[in-house]
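Trainee: Have a look at this one.
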Amino acid sequence: MALRIPGNGLHPIPFVVPSDTGNYVLALTKVSPGKKLVACSELLKWTEYTELWSRVDRKSTRLNSSHQYY
């Protein structure tokens with residue numbers, strides 16, 4: 001399987017684990033109105049993500065990156 005993304009895949013991107021969202025909601029209830037929160041469960045580079053996917057899926061996965069957007 002090949003994963004095609006724009007860019008070089010070296011910059012971390014945020015991922016949200018659905019079971020963590022309750023903690024995000026709880027944090028929102030504890031801050032004063034008007035506050036903005038940003039949350040994520042994990043920051044992974046696309047290269048790390050494809051390695052993880054290969055282990056979970058037990059199939060070879062490669063990253064095809066490009067500096068062009070499709």
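The values are calculated or read from the model by the stated rules, or taken from the named source; none is laboratory data. Keep in mind the model is a prediction, meaning the values are calculated, not measured. The protein model used for the area step is the full one, side chains on, heavy atoms only, and it has no ligands, DNA or RNA in it. Shrake-Rupley method; radii C 1.70, N 1.55, O 1.52, S 1.80 Å.
Trainee: Where only protein heavy atoms count, and the probe is 1.4 Å, what is the accessible area per residue for the chain in Å²? If you can, show how the numbers build up before the last one.
Mentor: Details: 5850 Å² over 70 residues.
Value for the chain: 84 Å² per residue.
Trainee: To the nearest 10 square angstrom, what accessible area does Leu43 show with a 1.4 Å probe?
Mentor: Leu43 exposes around 100 Å² with every protein chain in place.
Trainee: Counting only protein heavy atoms, what percent of the accessible surface of the chain is carbon or sulfur at a 1.4 Å probe?
Mentor: C and S atoms contribute 57 percent here.
Trainee: Okay, moving on. Heavy atoms of the protein only, probe of 1.4 Å, neighbouring chains included. What is the accessible area of Leu3 in Å², nearest 10?
Mentor: Only protein atoms counted, so the area is about 50 Å².
Trainee: Separate question: Using Cα-Cα distances under 8 Å and only pairs 6 or more residues apart, what relative contact order does the chain have, in percent?
Mentor: On the way: 79 pairs, mean separation 40.4, N = 70.
Contact order relative to length: 58 percent.
Trainee: Continuing with this model, one more query. What angle do you read, to the nearest 10 degrees and between 0 and 90, between the alpha-carbon axis of helix 46-57 and the longest principal axis of the chain?
Mentor: 80 degrees
Trainee: Counting only DSSP beta bridges with both residues in the chain, tell me the antiparallel percent, nearest 5. Mind dumping the intermediate values first?
Mentor: Numbers: 4 of 9 bridges.
So the antiparallel bridges in the chain amount to around 45 percent.
Trainee: Starting from the Kirkwood radius over alpha-carbon pairs of the chain, derive D by Stokes-Einstein at 4 °C in a medium of 1.567 mPa s and give it in µm² s⁻¹.
Mentor: Here the translational diffusion coefficient equals 91 µm²/s.
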